[in-house]
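The values are calculated or read from the model by the stated rules, or taken from the named source; none is laboratory data. This structure is a prediction, so every number in the text was calculated from the model and none was measured. Heads up, the Cβs are rebuilt from the backbone with ideal geometry, glycines too, and the neighbour counts pull from every protein chain shown.
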Amino acid sequence: MGLPAKLVRAQLHIMKPIAANLSLEATRKGQDKLGEIMEAIHRRDVFEREHDFGAFQGAWLMPKDERRQGVILYLHGGGYTCGSLEYAKGFAATLADECGVRVFCAAYRLAPEHRYPAALDDALEAYRYLLKKGYPARQILLCGESAGGGLIYALCLRLRAEKLPLPCGLIAISPWSDLTQSGESYVTNRDVDPSMTKELLDFYAKCYADDPAIPYCSPLFGDLRGFPPSLLFVGGDEVMLDDTRRLHAALQKAGCDSQMVIAPERWHAYVLYYLSENMSDFDTINTFLTRVLSPAKKLRWMRLDNAAKIYPAAKRRGWTNYFRLSATLNEPVDTKILSAALDVTVRRFPSIAVRLRRGAFWYYLEQIPKAPPIEEDRSYPLVHVPFDDVRKCAFRVLVYHERIAVEFFHAVTDGTGGMIFLKTLVAEYLCQRYGISIPAEHGVLGRLEDPSEEEMEDSFLRYAGNVHASRKESTAYQLSGTLEPDGFLNLTTLMVPVDAVRKCAKEHHVSVTELLAAAMMKAICELQAEQTPRRRHRKPVKVLLPVNLRQMFPSRTLRNFASYVTPEVDPRLGDYTFDEICRVVHYRMGLENDPRMMGAKIATNVASERSPVLRVMPLFIKNAAMRVVFDMVGEIKSCLCLSNLGRVELPEAMAPYVERMDFIIGVPAKAHYNCGVVSWNGTMNVNFIRNVREPELESHFYRVLHRLGLPVKAESNQRR
């Protein structure tokens, strides 16, 4: 909703004689206040990030509804003497919101303290900054009003002299292109212009330059040949009308593409006032952006990756496959700041910030238009998510005191991709809350960077081998217990010093993951022996160990890209010592944790997906078939999943704020246990989750660790 033109014009008439007698300091304060008002109109729809150049300041204004690629470099007006960063952010926020594109505004140094060429030098530095950020010139558009409108053309002259690529387009609003004020409109519009006078502009010109006629100050007199397309706006009543008309004529004479909009009865830089009667100007701007910068993009959609296709098909009335990652900070979480940080983060992760959609032949993922609301955490993790909610958003962010948790539908990503999302979200939150700078390293992605196609690829299709692996596996022993009647999930966390675990693993000649797997298998063997005294009635003990394929194949995907190894011992053959189980796990991992073996496993799954019969089969038939396959060869082939994400690494600036990290896998559809492991700050957290009352497995696992000499601290959730 814009402002009425008559009201604004009346106010400008009242202020004109007052403004003519104000000091420069008072004028600057008034202009900055105008910028604050403009920004307030769009504050809920954009987020900002400031950048310090040393000599001057800049800021990113990014729309929550980002619809275009590329960036607008906005240079503000103010006669080269007025306009702080707060003023610049005002119209930058308007552009970002109305056009759905990122805007970077540069609050260049001001005259008379910093005369020509300070403003031009700073504009050039801001342009170089965008190039270094990875934006090609064809994705950079310049925009400016008044002095900033002239400055964008002076910048193009300077870019050409520096042999740098020119931007893709120029939008100038009432550009001050002639600092000598030689146009006729300075006389003819003197009495009808409600806001600007020639005398004031003469003062500004003297503050800025010794020779205002040089092209770098008055680009109207420069060589404009080869300039990119221009869109010019000007008020029909302003004294600077001829600056725009003559610039338009000069551009066309130089063979450039130029479009000019003259708004009758409007004043200097009228577009900035967001007038109700002239909202169509933003339609004109958007049409221009579509032509020269980038078209407005539709929501991205993606096919499910090869591993993800089973999860929607295998859903149950009370079960969907989710997992959880969380970071506990050293202070309570501010949910408003976290919500703003989530707005930034979801734009960086278009393959994770999605919802599940149903097609005729396959499910697919569609990017969500905005971030979901922050939720309050429950008394237990991974509370069931109805499938209809997955169709709205396939992840959720929850807060409890100092803890930030993200729960992901497994069809969207795996533990590695989820951890990168969580790290990046927490980094953005810390930056916004404490004003610190956290670099893009150790799994924290640059929040202002555009996502790459590699991050969104289905790497299974890329690395499928030529030989298929067999799917034949024996059925494993299934843990049992008394189901919680209301769906409550019991969480038990065993905390072990990382150094002690490493030392123990080294003593047994295995890796940390292999040691944990052997301890888990030993615990299950002992539990089964108690529950099934007759040896011949016992079943194989198997633990499913996920393998991050990114460590085996060069891939940057943030989607699912993991396989598994399932070590096995058969208690019917006799008892196994812990060292014997360690050797079984170690040799099984050595045999299968190999690119050729994993490639064969991938090929087996991909072959099914590529089947011509399966492709044309309606989705409801596919779902029924895949659910049967899942029930036959899925969960029953192992006792539980033990997933170890390893040691978390964080940027040095971020680490002091994070007290704890946790990784929790949801309970299976029919089985009762799962186990997620992650290490941070010297402590390994082993998280058992179960939907049965009896903590039998945790107790046996604790005893195995105790016998190994490992100090263990335990905690669990409690019913409220």
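If you go through segment 155-167, how many residues are within 30 Å of the chain's Cα centre (by Cα) and either of a type in the set (Ser, Thr, Tyr) or within 15 Å of residue 74 (Cβ to Cβ) (or both)?
1
Within the set of pairs 6+ apart or on separate chains, which have a first residue in segment 345-366 that is at negative phi, a second that is among the aromatic types (Phe, Trp, Tyr), and C-beta atoms under 6 Å apart?
Hits for this filter: 349/421; 352/421; 356/363; 357/364; 364/301; 366/301.
Please go through segment 246-269 and give me each residue that is without any contact (Cβ under 8 Å) to a residue 40 or more places away in the chain and in a helix (DSSP H, G or I), ordered by number.
Hits for segment 246-269 are 248, 249, 250, 251, 252, 253.
Determine, yes or no, whether residue 515 is assigned by TED's automatic domain parsing to the domain that holds residue 590 and surrounded by fewer than 20 Cβ atoms within 10 Å (Cβ to Cβ).
no
Out of the residues in segment 310-333 meeting the condition of being under 26 Å from the mean Cα position of the chain (by Cα) and either part of a loop (DSSP other than H, G, I, E, B) or not assigned by TED's automatic domain parsing to the domain that holds residue 359 (or both), tell me which one is farthest from residue 430 (Cα to Cα).
Of everything passing the filter in segment 310-333, 320 is farthest from residue 430 (Cα to Cα).
What is the residue count in segment 504-557 for residues that are more than 38 Å from the chain's Cα centre (by Cα), within 18 Å of residue 643 (Cβ to Cβ) and of a type in the set (Val, Ile, Thr)?
2
Evaluate the following for residue 222: is it crowded, with 18+ Cβ neighbours inside 10 Å and small (Gly, Ala, Ser)? Don't jump to the end; show me each part of the working.
Values: crowded, with 18+ Cβ neighbours inside 10 Å: yes; small (Gly, Ala, Ser): yes.
The answer is yes for residue 222.
Could you check residue 690 against (1) touching a His at 6+ places or on another chain (Cβ under 8 Å); (2) buried (at least 22 other Cβ atoms within 10 Å of the Cβ); (3) over 18 Å from residue 484 (Cβ atoms) and say which number it fails?
Result: residue 690 fails condition (3) only.
Go through (1) under 28 Å from residue 379 (Cβ atoms); (2) small (Gly, Ala, Ser); (3) at pLDDT below 95 and name the single condition residue 474 misses.
Looking at each condition in turn, residue 474 falls short on (1).
For segment 488-496, does any single residue satisfy the condition of being under 30 Å from residue 600 (Cα atoms), out of contact with any Leu (no Cβ under 6 Å at 6 or more places or on another chain) and outside any helix (DSSP H, G or I)? Break it down into steps so the answer makes sense when it comes.
Filtering segment 488-496 for residues under 30 Å from residue 600 (Cα atoms) gives none.
Looking for residues that are under 30 Å from residue 600 (Cα atoms), out of contact with any Leu (no Cβ under 6 Å at 6 or more places or on another chain) and outside any helix (DSSP H, G or I), one finds none in segment 488-496, hence no.
Only residues that are under 22 Å from residue 259 (Cα atoms) and in a loop (DSSP other than H, G, I, E, B): list them for segment 180-194, please.
If the condition is that a residue be under 22 Å from residue 259 (Cα atoms) and in a loop (DSSP other than H, G, I, E, B), then 183, 184 are the ones that fit.
Looking at this structure, is residue 652 surrounded by fewer than 19 Cβ atoms within 10 Å (Cβ to Cβ), among the charged types (D, E, K, R), modelled with pLDDT under 90 and assigned by TED's automatic domain parsing to the domain that holds residue 568?
No: the conditions fail for residue 652.
Please give the strands (runs of 3 or more DSSP E) falling wholly within segment 348-406 in which 1 or more residues are among the acidic types (Asp, Glu) and in contact with a strand residue (DSSP E or B) (Cβ under 6 Å, 6 or more places away or on another chain).
Per the criteria, 363-367.
Do you know which residues across segment 670-720 are in contact with a strand residue (DSSP E or B) (Cβ under 6 Å, 6 or more places away or on another chain) and small (Gly, Ala, Ser)?
The answer is 676, 679, 714, 716.
Residue 307: in a loop (DSSP other than H, G, I, E, B) and either over 18 Å from residue 395 (Cα atoms) or touching a residue at least 60 places away in the same chain (Cβ under 8 Å) (or both), yes or no?
Spelling it out, residue 307 is indeed in a loop (DSSP other than H, G, I, E, B) and either over 18 Å from residue 395 (Cα atoms) or touching a residue at least 60 places away in the same chain (Cβ under 8 Å) (or both).
For segment 497-550, which residues satisfy the criterion of being touching a Ser or Thr at 6+ places or on another chain (Cβ under 7 Å) and assigned to a strand (DSSP E or B)?
Listed by number, the residues that qualify are 497, 542, 543, 544, 545, 546, 547, 548.
Please verify whether segment 136-148 includes one or more residues that are of a type outside the set (Val, Ile, Thr), under 21 Å from residue 294 (Cβ atoms), out of contact with any Phe, Trp or Tyr (no Cβ under 6 Å at 6 or more places or on another chain) and part of a loop (DSSP other than H, G, I, E, B).
Yes; the residues of segment 136-148 include at least one that is of a type outside the set (Val, Ile, Thr), under 21 Å from residue 294 (Cβ atoms), out of contact with any Phe, Trp or Tyr (no Cβ under 6 Å at 6 or more places or on another chain) and part of a loop (DSSP other than H, G, I, E, B).
Taking segment 327-363, which residues are farther than 27 Å from residue 452 by Cβ and of a type in the set (Ser, Thr, Tyr)?
Taking segment 327-363 first, the residues farther than 27 Å from residue 452 by Cβ are 328-337, 358, 360-361.
Listed by number, the residues that qualify are 328, 335.
Residues being part of a helix (DSSP H, G or I) and surrounded by 14 or more Cβ atoms within 10 Å (Cβ to Cβ): count how many of those fall in segment 430-440. Can you show your working first?
Filtering segment 430-440 down to residues part of a helix (DSSP H, G or I) leaves 430-434.
Adding the requirement that they be surrounded by 14 or more Cβ atoms within 10 Å (Cβ to Cβ) leaves 430-433.
Total satisfying the criteria: 4.
Restricting to segment 43-59, count the residues that are of a type in the set (Lys, Arg) and surrounded by fewer than 16 Cβ atoms within 10 Å (Cβ to Cβ).
Counting residues in segment 43-59 that are of a type in the set (Lys, Arg) and surrounded by fewer than 16 Cβ atoms within 10 Å (Cβ to Cβ) gives 2.
Name the one entry in 107, 55, 59 that is within 21 Å of the chain's Cα centre (by Cα) and modelled with pLDDT of 85 or more.
The conditions single out 59.
Residue 474 - would you say it is small (Gly, Ala, Ser) and loosely packed, with under 13 Cβ neighbours inside 10 Å?
When the stated conditions are applied, residue 474 passes them.
How do the pairs read when you match residues in segment 494-509 that are assigned by TED's automatic domain parsing to the domain that holds residue 681 with residues anywhere that are loosely packed, with under 15 Cβ neighbours inside 10 Å and outside any strand (DSSP E or B), using Cβ under 6 Å and keeping only pairs 6 or more apart or on different chains?
Going by the 6 Å Cβ cut-off, the qualifying pairs are 498/682.
So which strands (runs of 3 or more DSSP E) stay within segment 13-128 end to end and still have 1 or more residues that are in the same structural domain as residue 208 (by TED's automatic domain parsing) and touching a His at 6+ places or on another chain (Cβ under 7 Å)? Give the steps one after another, and end with the answer.
On the way: elements: 46-52, 57-63, 71-75, 102-107.
Of the strands (runs of 3 or more DSSP E) lying wholly inside segment 13-128, those with at least 1 residues that are in the same structural domain as residue 208 (by TED's automatic domain parsing) and touching a His at 6+ places or on another chain (Cβ under 7 Å) span 57-63, 102-107.
Restricting attention to segment 441-473, which residues are in contact with an Asp or Glu (Cβ under 7 Å, 6 or more places away or on another chain) and either at negative phi or in a helix (DSSP H, G or I) (or both)?
447, 458, 460
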